[in-house]
Amino acid sequence: MNNTPNTPKILQDAWLNLDVEESELINPFALDVEEEFHIKLTWLLSNPEYFSFICKYIFNIEVLPAQALMLKEIWGRKFPMLIASRGFGKSFVLSLYAMIRALLMPGRKIIIVGAAFRQSKVLFEYMDGIWRNAPILRDIAGPNSGPRKDVDMCRMIIGESTVTCLP
């Protein structure tokens, strides 16, 4: 199918398999809130429904709808479990989740452990790649943030939060 401007919106979004009336959609920025804009924006971005926005504009990553759904489900569960086939992107999504949690919840200490250090390092390598390709994230996090590698552990510091990968 061709996504030209003449193609109706319902056909362009058919792959999402959603039945949504445009009139029922709410623009969160159109709501009348007496708070300052940056407070409203922070509240909106901490909502799991907007993690795709964070990934696209802060982390410089386009996530698939399935990945956005996994992020939303992990965020809202006490003891989440990802069960998927090999190559589905579980490690990438968990790395993204740890970075989102570190960014949106300052002062958090996040620990990633695996049966072997190699498994923890895989997640750290994803976080390192995200960090290097996200200039807005680097600007938000500040000058003392970023990846740190030691022989026995790897750390990603984002503002006041730390993600530590251990064997």
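Worth a mention:
- When MET127, MET153 are compared by accessible surface with a 1.4 Å probe, the order from highest to lowest is MET153, MET127.
- Label-point separation in nm, SER91 to ALA14, each point 7 Å along Cα→Cβ: 3.8
- Each 5 Å bin from 0 upward holds the following percent of the Cα-Cα pairs of segment 80-167: 3, 15, 26, 26, 17, 9, 3, 0.
- Pairwise centroid distance, computed over Cα atoms, of segment 76-120 with segment 147-161, Å: 15
- Carbon/sulfur fraction of accessible area - segment 1-146, other protein chains in place, 1.4 Å, %: 56
- Close amide-amide hydrogen proximity is noted between SER161 and GLY107, ARG108, each under 5 Å apart and 5 or more residues distant or on a separate chain (H modeled in the peptide plane; Pro and chain starts excluded).
- Classified by the C-alpha gyration tensor, segment 121-165 has an oblate form. Its axis ratio a/c, with a ≥ b ≥ c, is 1.5 or above, and a/b does not exceed b/c.
- Whole-number accessible area per residue in Å² for the chain, which is evaluated in the context of all protein chains at 1.4 Å: 68
- Taking all protein chains as they are arranged and a probe of 1.4 Å, the heavy atoms of LYS9 leave approximately 110 Å² accessible to solvent.
- Nearest-10 value in Å² for the accessible area of TRP43, using the 1.4 Å probe: 150
- To the nearest 10, the accessible area of VAL151 is 140 Å² with a 1.4 Å probe.
- Rg followed by Dmax, in Å, when segment 1-152 is reduced to its Cα trace: 18.1, 57
The values are calculated or read from the model by the stated rules, or taken from the named source; none is laboratory data. Source: prediction; values computed, not measured. Please note: Cβ atoms are built from the backbone with ideal geometry, for glycine as well, and neighbour counts cover all protein chains shown. Accessible surface areas use protein heavy atoms only, side chains included; no ligands, DNA or RNA. Shrake-Rupley method; radii C 1.70, N 1.55, O 1.52, S 1.80 Å.
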